[in-house]
Amino acid sequence: MDNTVKIFDTTLRDGEQALMSSLSVHEKLQIALALERLGVDIMEVGFPVSSPGDFESVQTIAKTVKNSIVCGLSRAVEGDIQACADALGVAEQFRIHTFISTSDVHVQQKLKREFSDVEAMAVSAVKFARKFTDDVEFSCEDAGRTPIDNLCRMVESAIKAGANTINIPDTVGYTLPHEFGGIITNLFERVPNIDQATISVHCHNDLGLSVANSIAAVNAGARQIECTINGIGERAGNCSLEEVAMIMKLRNDILGLNTNINHTEIARTSRLVSQICNMPVQSNKAIVGANAFSHSSGIHQDGMLKSANTYEIMTPESVGISKTKLNLTSRSGRHVIKHRMAELGYKETDFDLEDLYQDFLALADKKGQVFDDDLEALLFKNQQQDDADSYKIEYMNVIAGSGDFATASIKLACGDEVKIESATGNGPVDALYCAIKKAVDIDFEVADYKISNKGSGEDGLGQAALVVSWQGRNFHGYGLETDVIDASGQALIHAINSIMRAQQVARLKEQAGIETQKEKVQGI
Ligand code: KIV
Ligand code: ZN
C-alpha cells in the first residue's frame, strides 16, 4: 500500500461555516493561495449551492489555484451537484464531494427515511457527479455512529456507483482512537471492492480526539485525512492540519507515512488563517501556539542552553518560525525590506513593495525598531481590499476625557462622494462609531469588538477586530494602527465595505432573479 497520506484541507468549507461572519471572496482566495503553497493535495473551498457568494468564491479559487485539486461540497441531490460542477468547471483539476447521513439517528430523526432509500440517493448522487468529473468523493455523514453492517453496505454501493474516494467522518467527535481505527480495519476486511477507492477520514474534536482518531485511521490503512488549519471547524473544530502533518513527519519511524506538505509553510499559514478568520490561536496549542517553543522553568531553560533537543522534539524553524531578528529602522532601505520579506518566505508578488515600505517608514518613525511580526502585520493591513467604490477615512478627530461623553468628527470618502459627520458617545470608540453610522446610513449593530496587540513589544501595532451584524448576517472587520482608536475606525470601515459588497451582490442577484438558498440548506 502507498505510504503517502493525502491532505484534504477543509478550512474554507467546514472551517468557514463555523465562523461568526463569512469571509469575502478576496479573503478566501488569500487563504487558498496559502494552502496551495503549503502543499495540500486537495482543498475543499465551499458549498456552491448555499449562496451566490459561496459559488463565486469557489469559482474564483477554481480559476486561480493550479497545484492542488479544488473541491466543492454538495448534498446527495442533483441541484447541489450541478452547482458544484458549474462553479468548479473552470478548474484544471476538480473534485465533487457529495454526502448523506448513514447513522440510525440521522437517517431516522433527520432525514426521516429508510436506510435503503438513503443508499439509493447516495448511488444516484455519485453517478450524477461522475457525469462531470472522474474525481468523486462520497461521505457517509456520522459514520462513527453508523452500524458497521450498514456502513460496509453503503461504502460498497458508493464505490460501485463510481466514487473513488470514500470519506468516513466522525461527525460528532464521539469515537475513541482504537474504536475508530477498528472501523477502518473492518471496512478493509469486509468491503469487497475497497481497493478501488482511497479511504479518507474526517474527525471532529468534540472529545479532543480528532487528531488521535485520524492517526489511528491512517495506521489502519486510510490514506486521506480531512483537516483544517488551526483545527477550526464546527463546534470544537476539526482535526488540525499542522498537528497531523508534524506527527507523520516526526514519527515516521513508527508510522512509516509521508505527506506532500511543505512543513516550513505551517506557521505562516496558521497566522494568516487566524488573522483573516478572526480566530486567535490558543497560546499552548501544539505546533503553532505562541508558547509551543518557549521554555519557562529554570530547569528547562538550563537544558535548552546545553542542547535544544533536551526539551524540543522539533525546531521552530522546521515549521517556519524564524528566530532571526534583523534590526529594521527608518534608515533601512527598500532592498532590506524586500530581502527580509524573502527570508520570511514571501514572494515579490505577495506584496506591493512601495506600499509596504511607506507603511514600514511610518511605523519605524513611531516606534523606532520594526520586527518581523510588525512587518507581517503591515502586510495583512495592506492586503485589505481597496475597491474604488468603498469607504475610506479621510479625517477623524476624537476627543475624550474623564467626563461623561466623548465627541468624534469624521470625514469619509467613497468614490467622488464625501461625507462629514460628528457625534457624541459614552466613550471614544462609541462616539466614533456613532459618527460613522450616521455618515454611511447603514443600520448595523456591532456584535463583537476586541482590541489586541499585534507585532512585537509594548509599542507593537494595535489591532481592532470586530463583528458587525446587518440584516441577520455577520461581517468581520479589522484594523491595524499604532493608535487603537484609529484601528477601531479602520475595522468598522472594513466591515462596512463588506456589507456594501454584500448589498451589491444582492442587487445583482435580484437583477438576475436568483434566489438565496443558504437558509434552505440544512443538515451539514
Ligand atoms: O462532519 C461531517 O460529517 C462533514 C461532512 C459533510 C463530510 O463535514
Ligand atoms: Zn465536518
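Please tell me if V211 is in a helix (DSSP H, G or I), closer than 30 Å to K454 by Cβ and within 16 Å of ligand 1 (Cβ to nearest atom). Yes, satisfied.
Just checking, does the stretch 238-247 include any residue being part of a loop (DSSP other than H, G, I, E, B) and away from ligand 2 (no atom under 16 Å from the Cβ)? No - not one qualifying residue is present in the stretch 238-247.
Of all residues in the stretch 219-236, which are over 19 Å from V319 (Cβ atoms) and either crowded, with 24+ Cβ neighbours inside 10 Å or within 16 Å of ligand 1 (Cβ to nearest atom) (or both)? Within the stretch 219-236, A222, Q224, E226, G233, E234, R235, A236 meet the criteria.
Within the stretch 1-22, how many residues turn out to be within 16 Å of ligand 1 (Cβ to nearest atom), open to solvent by 10 Å² or more (accessible area, probe 1.4 Å) and not hydrophobic (A, V, I, L, M, F, W, C)? Looking only at that region, the number is 4.
Return the residues of the stretch 158-171 that are under 20 Å from H106 (Cα atoms) and surrounded by fewer than 18 Cβ atoms within 10 Å (Cβ to Cβ); say none if nothing qualifies. If the condition is that a residue be under 20 Å from H106 (Cα atoms) and surrounded by fewer than 18 Cβ atoms within 10 Å (Cβ to Cβ), then no residue fits. Among I81, I96, I61, I31, which is of a type in the set (V, I, T), in contact (Cβ under 8 Å) with a residue 24 or more places away in the chain and in a strand (DSSP E or B)? Residue meeting the stated conditions: I96.
Conditions tested, residue by residue: (1) at pLDDT 90 or above; (2) closer than 30 Å to G181 by Cα; (3) not in a loop (DSSP other than H, G, I, E, B).
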residue	(1), (2), (3)
K249	yes, yes, yes
S274	yes, no, yes
D302	no, no, yes
I313	yes, yes, no
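Determine whether the stretch 262-272 contains at least one residue that is surrounded by 24 or more Cβ atoms within 10 Å (Cβ to Cβ), within 16 Å of ligand 1 (Cβ to nearest atom) and among the small types (G, A, S). No, the stretch 262-272 contains no residue that is surrounded by 24 or more Cβ atoms within 10 Å (Cβ to Cβ), within 16 Å of ligand 1 (Cβ to nearest atom) and among the small types (G, A, S).
Once the stretch 93-110 is narrowed to residues that are away from ligand 1 (no atom under 12 Å from the Cβ), modelled with pLDDT of 95 or more and of a type in the set (S, T, N, Q), the residue that is farthest from the chain's Cα centre (by Cα) is Q108. Restricting attention to the stretch 149-178, which residues are away from ligand 1 (no atom under 16 Å from the Cβ) and under 13 Å from V201 (Cβ atoms)? Result: P177, single match. Would you confirm whether or not the stretch 41-56 contains a residue that is polar (S, T, N, Q), in contact (Cβ under 8 Å) with a residue 40 or more places away in the chain and under 22 Å from F380 (Cβ atoms)? No, the stretch 41-56 contains no residue that is polar (S, T, N, Q), in contact (Cβ under 8 Å) with a residue 40 or more places away in the chain and under 22 Å from F380 (Cβ atoms).
In the stretch 481-492, which residues are of a type in the set (A, V, I, L, M, F, W, C) and over 20 Å from A413 (Cβ atoms)? The one that is of a type in the set (A, V, I, L, M, F, W, C) and over 20 Å from A413 (Cβ atoms): V484.
Being over 16 Å from the mean Cα position of the chain (by Cα), in contact (Cβ under 8 Å) with a residue 12 or more places away in the chain and either buried (at least 22 other Cβ atoms within 10 Å of the Cβ) or more than 16 Å from ligand 2 (Cβ to nearest atom) (or both) holds for only one residue in L88, L38, and it is L88.
For the stretch 49-62, the tally of residues that are open to solvent by less than 10 Å² (accessible area, probe 1.4 Å) and within 14 Å of ligand 1 (Cβ to nearest atom) stands at 1.
The number of residues in the stretch 386-434 that are closer than 18 Å to I451 by Cβ and of a type outside the set (A, V, I, L, M) comes to 6. Counting only residues that are closer than 18 Å to L492 by Cα, loosely packed, with under 14 Cβ neighbours inside 10 Å and either hydrophobic (A, V, I, L, M, F, W, C) or touching a Leu at 6+ places or on another chain (Cβ under 9 Å) (or both), the stretch 396-419 holds 1 of them. Annotation for the stretch 437-448: no member residue is of a type in the set (G, A, S) and closer than 27 Å to K366 by Cβ.
Right, N284: open to solvent by 30 Å² or more (accessible area, probe 1.4 Å), of a type outside the set (S, T, Y) and more than 13 Å from the chain's Cα centre (by Cα) or not? Yes; evaluated as a whole, the condition is true for this residue. Selection over the stretch 188-208 of residues that are open to solvent by less than 50 Å² (accessible area, probe 1.4 Å) and within 16 Å of ligand 1 (Cβ to nearest atom) gives a count of 9. Does the stretch 132-139 contain at least one residue that is of a type outside the set (G, A, S) and within 16 Å of ligand 2 (Cβ to nearest atom)? Yes; the residues of the stretch 132-139 include at least one that is of a type outside the set (G, A, S) and within 16 Å of ligand 2 (Cβ to nearest atom).
Cβ-Cβ under 9 Å, sequence separation 6+ or interchain: first residue in the stretch 1-28 and at positive phi and within 13 Å of ligand 2 (Cβ to nearest atom), partner open to solvent by less than 30 Å² (accessible area, probe 1.4 Å) and not small (G, A, S). Which pairs? Taking only residues 6 or more apart or on different chains, not a single pair turns up.
The values are calculated or read from the model by the stated rules, or taken from the named source; none is laboratory data. Since this is a predicted model, take the numbers as computed values, not measurements. A quick note on method: Cβ atoms are made from the backbone with ideal geometry, for glycine too, and the neighbour counts reach across all protein chains shown. Surface accessibility is based on the protein's heavy atoms, side chains included, excluding ligands, DNA and RNA. Shrake-Rupley method; radii C 1.70, N 1.55, O 1.52, S 1.80 Å.
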